[in-house]
1. Working from the pairwise distances between different alpha carbons, so that the mean of 1/r is found and then inverted, what is segment 373-469's Kirkwood radius in Å?
2. Once you have the Cα-Cα distance between ILE539 and TYR444, take 0.36 nm times their residue separation minus that, and quote the gain in nm to one decimal.
3. Just to be sure I understand the model, the point goes 7 Å from the Cα along the line to the Cβ. What's the resulting SER49 to ILE16 distance in nm?
4. Using 1/(1 + (r/R0)^6) with R0 = 30 angstrom and r between the beta carbons of GLU495 and ILE56, what's the FRET efficiency to the nearest 0.05?
5. Can you give me the % of accessible surface on segment 365-441 that is carbon or sulfur? Probe 1.4 Å, all protein chains present, nothing else counted.
6. For ALA465 and LYS369 in the same chain, what is the full-extension length gain: residue separation times 0.36 nm, less their Cα-Cα distance, in nm?
7. How much length, in nm to one decimal, is gained on full extension between LYS236 and PHE101, taken as 0.36 nm per residue of separation minus their Cα-Cα distance?
8. Ignoring any ligand, DNA or RNA, what whole percent of the accessible area of segment 132-189 comes from carbon and sulfur when the probe is 1.4 angstrom?
Amino acid sequence: MNLKNYFKELKRRNVIKAALAYLIVAWLVIQVLSIILPAFEAPPYLLKSALIILFIGFPIWIVFSWIYEFTPEGLKKTIDVEPETSMMSKTGSRINKVIIFALSLAVVILVVERLVNKPVKVLEYGEKGIAVLAFADMSPNKDHEYFSDGISEELLNILVRIPKLKVISRTSSFSYKGKSKTAIEIGEELNVSHILEGSIRKSGNTIRITAQLINTADGSHEWSETYDRNLDSVFKIQDEIASAVSRQLELTLMGALGSNNPPATEAYNLYLQSKHLIRLNTKESFLKAENLIKQSISIDSSYAKSWDLLAYIYGTGSYNYNIWNANEGNAKALIAVKKAIQLDSNYAEAYVTLASLQNRMWEFDDSIKNLNKALELEPNNSVIIGTAALMTFGDLEKSVSLLKTAIAADPLLYTNYFNLGFAYYRLNRLEEAMEAFNTFSTYYPNTQILHYMKAQVALGQGNTAKALTEIEQETHEFFNLYGKNFVLYALGGIEKSEDVFRQFIERYSESNPANMADIYAYRGNFNTAFEYLEKAFYIKDQDLTEVLSYPSFKPMYSDPRWATFINKLGLPKDHGYHLN
């Protein structure tokens, strides 16, 4: 049979129509299952199994369509049916109706999905929006990047206080450093009307700052100025630039200008160096940053931002890198951040630092109060909104909502994508979780804890091979060992995971009882899990309020001990932890 005749025979036997009908119906089945299964918290392997079955069934269906034919007497082989008694044409008409009906359903599903799952709406700020790009370091040796970045960030912090002005965060604005994008392109990507750019040339105690305000609609320069001063005048220059920008945008600073007690020049220089170091996010960089900011404060102790930075170093250094134990780090951080607020009662970031500390120290009511204060001072600050999303006390839907708001306000602040993935993971919305983590990893592929989180998502999806690959790449000592307890247990039960389990007990059972409870819950040992939850409560483990939202504890919700435990934690009344 030549190719032309073969194709005609395929058409006569309705094989092509049957294949098309199968693909459309299979797509509909998958769409329906993808909606129904998560609603009943069904394990991810059910959807994967359905996909595999449908995939295997396709060639079988094709072969069946070629070999068999429906007749009035029932199913017969096509070769046994006389051409004059064949019902191929009627069967083809029926298949056409199936295809039309299935396509109609597909269109309806697509339309409904488009209406229900609308993309996140970007916050509307009107025509006034600005991005402060990283000022270029034009110093002879190109060794003052920390200073040029610091000046840019200080300008951003002044402008962010202007009412009705959308100011893009440092992370998004600085992401264009070293790139050759035009002002028009940046304006389109960040949805801002203007950008502020410039350069710094520092030599000894002399500084030259050049700044220019550019309209992103057409790339025109609306204002530019060059300042030649000594370093002691740097704060005055910042204020002059911010005033000029506000005048050009026809907005009012409403008292945002004028730094109260600007620090001594050398103290400010050390502050900028310390801030530059903490962004390296390593244990070593935090220790160096602590030393520099202490030197800064010893020179001039009147600068609120220096105290807030010291508080951040103590708090984050304890929580992420175990530089200090939790009690020592939090106590030092609390003293420092309260000093910052005493010096500047309108510094929003200090209230966020304080709220985070109080949350870890189980001072929940005070934490909420100070978080609300920060939002009141800077309601459009995506960093503050993103931080608020981490303190919802088990209300994960609220976390997702806040993170989407933060991302809409500043789509290039990628930390919020990581936290969004973490919230989706705990809600068992695993595909969305992996998508968010992948977005984050595009820009920060080597961030610690990322591979641990991807391993947990892969486990939830039933992909143990991928989970093992991910956890082997995790470089954070704690989370590498922690994650292996789950992955190896999933791969081989107690026998395969016993070694890493004993290692974790030896290293972390006393300091991290909440995480121990999580591991025991995953292994199905709920009685021991409750014992470690009680230990976590007794020492006020700073991880407990987060850990309680982990998926491992879901089987324990029906145990009366769960509600009893949640109720005695002293949580806010509107917490989101499961009780019934």
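The values are calculated or read from the model by the stated rules, or taken from the named source; none is laboratory data. Owing to the predicted nature of the structure, the values given are computational and were not obtained by experimental measurement. For neighbour counting, all protein chains shown are included, and Cβ atoms are generated from backbone atoms with ideal geometry for every residue, glycine included. Heavy atoms of the whole protein, side chains included, go into the accessibility calculation; ligands, DNA and RNA do not. Shrake-Rupley method; radii C 1.70, N 1.55, O 1.52, S 1.80 Å.
1. Details: mean 1/r = 0.0730 Å⁻¹.
With all distinct Cα pairs of segment 373-469 included, I get 13.7 Å.
2. Values: separation 95, 0.36 × 95 = 34.20 nm, distance 3.44 nm.
Residue separation times 0.36 nm, minus the Cα-Cα distance, leaves 30.8 nm.
3. 3.7 nm
4. Working: r = 33 Å, r/R0 = 1.10.
The computed FRET efficiency comes out at 0.35.
5. Numbers: 1450 of 2960 Å².
The value for segment 365-441 is 49 percent carbon and sulfur by accessible area.
6. Working: separation 96, 0.36 × 96 = 34.56 nm, distance 4.49 nm.
Taking 0.36 nm per residue and subtracting the Cα distance, the gain is 30.1 nm.
7. On the way: separation 135, 0.36 × 135 = 48.60 nm, distance 7.16 nm.
This chain segment gains 41.4 nm when fully extended.
8. On the way: 1230 of 2420 Å².
Carbon with sulfur: 51 percent of the solvent-accessible area.
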